[in-house]
Amino acid sequence: MLRWLKTAAVKPGLPDPQKANTPEKKNLIENVNESVEKEMLTCSPSSPSGSRKRKRGNYERFSPETKAKIARYAINHGASKAARYYSTTLNKNVQESTVQRFKTAYLLESKRNDGSPITALTPQKRGRPPLLGNLDEDVQDYIKDLRISGGIINTNIVRCIGRGVFLHKDKFQLEEFGGPMTSEKILFVFDFDHTVIDDDSDLYCKRLAPGGKIPHEIEKTYSDLGWTHYMGLIFDYLHKHGVTEKQYRECMNEIPLRDGMRELIEHDWCDLSTVNLYKGQIVVDHKEKREREGTQYKCVVLVGDRNNDFCPALRLSEKDVVCPRINYRLWKKIQKLKSESEDGNDGLKIQAQVVNWTSGLEILEFLKTLN
Ligand SMILES: [Mg+2]
């Protein structure tokens, strides 16, 4: 297969230059094919460049007005009641998780509009504006041709196409030729509680206990035995009282996302990795593993709020970014460190650039300046 890939005139799944309608396009396809071929030859089946398929549910379609109605009903009567009611009224399967999504979107939209009622939930515009200037069209054309030829399209391939187009048309824009363009990715690391969501997911689950109350004998263990043991006892207690995985999922779905997090997470940045319950070592290991697989990172962006985000923050380098949530422990700790070093105290140091945040939109604005 490899031998054939190297010797065949037209590579499988790549656009055929002979079919181009202008000599310029023929030339461009030949050159970009070379970049993409290299990627196809170097990717291993387990690497992210492989043809891994994402599973997707069968989404039912709803009009923006219906979405808003369902969300309002869920806010007033609860998500499961809304799912049942609209499954009957609309005569289609309305999933409770779908209702939760509408509810969260509704609450966010309403907040953006100073709490006024929303009559239609229109989908957020996704993706980023063209960053490649007038060469963006060439990249898009090539992607279309690649799709028609049945080739694989993923982030690595698209990155190679971008690079290939620049190499052929305007190589001095590329970082390696002294230009501002880099094709490296950003590794995002998100904390979860009070960062992605606006609550503590462990504590939130306590409401699943009978009567929403955890017995005092368990509550009092927290101060003596610590958080992990305390939560272990709570989950044991919930399990004994028949709390199901479905109930946990529904409970998690109820927790609103932090302002701007949906926009930040959905934005089409290069790479996105969610690591819950991470420690510094997990971030370092993950980064090294991906680098061994051939992914080069421009920087790591770490978004968090608590003391346990401090350890990975200390391990970041000058080219990385740490985003502590304002007025939360990580932010306070970093503030303290800064004032100590200003006083000439040479203790621990955060080398990464610090970008404080309250809404995910502030991080998004900062990230736009990185390109
Ligand atoms: Mg947290």
Requested in this report: Report the residue count in segment 317-343 for those that are within 16 Å of the ligand (Cβ to nearest atom) and assigned to a loop (DSSP other than H, G, I, E, B).
Outcome: 3
Report summary line: Scanning segment 62-96 residue by residue, those assigned to a loop (DSSP other than H, G, I, E, B) and in contact with a Phe, Trp or Tyr (Cβ under 7 Å, 6 or more places away or on another chain) turn out to be V94
Requested in this report: With the checklist (1) within 16 Å of the ligand (Cβ to nearest atom); (2) buried (at least 16 other Cβ atoms within 10 Å of the Cβ); (3) modelled with pLDDT of 90 or more in hand, flag the one item K206 doesn't pass.
Outcome: (1)
Requested in this report: Output yes when any residue across segment 187-203 is in contact (Cβ under 8 Å) with a residue 12 or more places away in the chain, away from the ligand (no atom under 16 Å from the Cβ) and more than 21 Å from A74 (Cα to Cα), and no when none is.
Outcome: yes
Query raised in the report: Within segment 302-316, can you find the residues that are farther than 13 Å from K333 by Cβ and either away from the ligand (no atom under 16 Å from the Cβ) or not assigned by TED's automatic domain parsing to the domain that holds V354 (or both)?
Result: R315, L316
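The values are calculated or read from the model by the stated rules, or taken from the named source; none is laboratory data. Note that the structure is predicted; figures quoted are calculated from it, not measured. Don't worry about glycine lacking a Cβ; one is built from the backbone with ideal geometry, like all the others, and counts go over all protein chains shown.
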